[in-house]
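J.: Encoded as C-alpha cells, here's the structure I'll be asking about.
The values are calculated or read from the model by the stated rules, or taken from the named source; none is laboratory data. Worth saying up front: this structure is predicted, and the values here are computed from it rather than measured. No Cβ is skipped: glycine too gets one built from the backbone with ideal geometry, and neighbour counts run over all protein chains shown.
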C-alpha cells in the first residue's frame, strides 16, 4: 500500500498493472496497517501549450460543496499585509485591482469570510525527523483545532515513499492517530508527495478553499519529479496554496543543502500564494502554526473572467494590488498565475490491496 514509490511509479507509467500488483505484494516493508495508498496520475507534466478542459469550480448545495466543470471563473485567494507585515482585515471589493499578463481584469466576485478549507497535512517522515515529530504533530493538530469546524483534512506521511495515514476527516482524534503513524526512515521524496497530495485535494476535496501544509527538515533526494515540474503541476491544477515549514536547523545538512532546501520551499510557497517559514528551533513551530491558521482564516477570495479566450494556451501571470488610504502601502500575496488549458482536476483514487 504505497504512494508514489519509485518502482510503482515506473510500472504505473508503463501500464503494467499485473507487474505492479506483484511488486506491491512482495514489498519487504509493510506500511502501517491503517495506511492507505493514493494512486495518482504521474504522467510527465504536460506542456503548457497542450489544450485540456476548463477547470472545475466549487459551489455549495444542500449536500455540501460540489464541483461544477462549466465555470471558467479564475479564483484567487489573497492575503493582504500592511507595511508593518500585519494582516489587513477590512478591505472592500473596490480596493482591489487584478491584472492578467498586464491587462486589467474586471472583478466579478468578492468574499471575505471564514470559508471552510480542505487541508493536506504533508509531513516528512524520514529518519532525521524522528526526534522532531512529537512537536510537529502537536503544532499541526493545534492548527487544525484553531480552524473552522467545517474544515476537512487528510494526513500524508512521506520519506522515500508516502502513505495516506488518514483520509479526509474533521475528527481531530483521527488526525492525531494518522500523524502518530511514525516509521521514520529512508530518503525524502518531497516533490512527489506534494504532487500526489495536490492531486488528491483537487479531486476529492469538498471545501471551497484548498491548502497544503508541508513540514520537512531536508532537501528532496528521492522524487521522480523536479521542483519546476512540481510547481508547474500545481499551477496546472489551479491547485492548493502551499505553506511550507522548513526545519533546517541543526547539523544534519551542509550549507549547500540548506540553501537548496530553502530555495525549493520558498518557490513552492511563493508561486502558489502561500508562505515559507524557517524556524530556528523546534519551539517556534507552535507560533508558526498559529500564524498559518490566521493567514488562512483572513484571506480575501477574488474572482474574474479572463479577457483572453480559454482556448488560448500558455501560462498567464496574475498580479493583484490593493489600495486603501487608511492603511498606507499594502502588499497582496496570491498565486503568481495559472495555465487555463490544464486546470481540470486530475483524478486520484484510493485502492485497497489485500
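J.: Just name the residue that is modelled with the highest pLDDT out of those in the stretch 304-342 that are over 20 Å from residue 106 (Cβ atoms) and surrounded by 20 or more Cβ atoms within 10 Å (Cβ to Cβ).
T.: The extreme case among them is 339.
J.: Being in a strand (DSSP E or B) and farther than 24 Å from residue 312 by Cβ is the filter here; which residues of the stretch 78-108 pass it?
T.: Once the filter is applied, which keeps residues that are in a strand (DSSP E or B) and farther than 24 Å from residue 312 by Cβ, the stretch 78-108 yields 78, 79, 80, 81, 82, 87, 96.
Conditions (1) crowded, with 23+ Cβ neighbours inside 10 Å; (2) at pLDDT 95 or above; (3) touching a helix residue (DSSP H, G or I) at 6+ places or on another chain (Cβ under 9 Å), marked per residue:
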residue	(1), (2), (3)
227	no, yes, yes
244	yes, yes, yes
272	yes, yes, yes
282	no, no, yes
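J.: To continue, here is another question. Taking residue 236, is it crowded, with 20+ Cβ neighbours inside 10 Å and modelled with pLDDT under 95?
T.: yes
J.: Right, here's the next one. Could we say that residue 313 is in a loop (DSSP other than H, G, I, E, B), in contact with a strand residue (DSSP E or B) (Cβ under 8 Å, 6 or more places away or on another chain) and either touching a residue at least 40 places away in the same chain (Cβ under 8 Å) or more than 18 Å from residue 81 (Cα to Cα) (or both) here?
T.: For residue 313, the condition - in a loop (DSSP other than H, G, I, E, B), in contact with a strand residue (DSSP E or B) (Cβ under 8 Å, 6 or more places away or on another chain) and either touching a residue at least 40 places away in the same chain (Cβ under 8 Å) or more than 18 Å from residue 81 (Cα to Cα) (or both) - is not met.
J.: Shifting gears a bit: Mind checking which pairs have a first residue in the stretch 281-308 that is without any contact (Cβ under 8 Å) to a residue 24 or more places away in the chain and a second that is assigned to a helix (DSSP H, G or I) and crowded, with 19+ Cβ neighbours inside 10 Å, Cβ under 9 Å, 6 or more apart or different chains?
T.: 287/139
J.: What about residue 75, is it loosely packed, with under 15 Cβ neighbours inside 10 Å, closer than 24 Å to residue 333 by Cα and touching a residue at least 40 places away in the same chain (Cβ under 8 Å)?
T.: For residue 75, the condition - loosely packed, with under 15 Cβ neighbours inside 10 Å, closer than 24 Å to residue 333 by Cα and touching a residue at least 40 places away in the same chain (Cβ under 8 Å) - is not met.
Rundown of residues vs (1) outside any loop (DSSP other than H, G, I, E, B); (2) surrounded by 19 or more Cβ atoms within 10 Å (Cβ to Cβ); (3) touching a residue at least 60 places away in the same chain (Cβ under 8 Å), yes/no style:
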{"position": "131", "(1), (2), (3)": "no, no, no"}
{"position": "134", "(1), (2), (3)": "yes, no, no"}
{"position": "139", "(1), (2), (3)": "yes, yes, yes"}
{"position": "142", "(1), (2), (3)": "yes, no, yes"}
{"position": "149", "(1), (2), (3)": "no, no, no"}
{"position": "154", "(1), (2), (3)": "yes, yes, no"}
{"position": "163", "(1), (2), (3)": "yes, yes, yes"}
{"position": "167", "(1), (2), (3)": "yes, no, yes"}
{"position": "173", "(1), (2), (3)": "yes, no, no"}
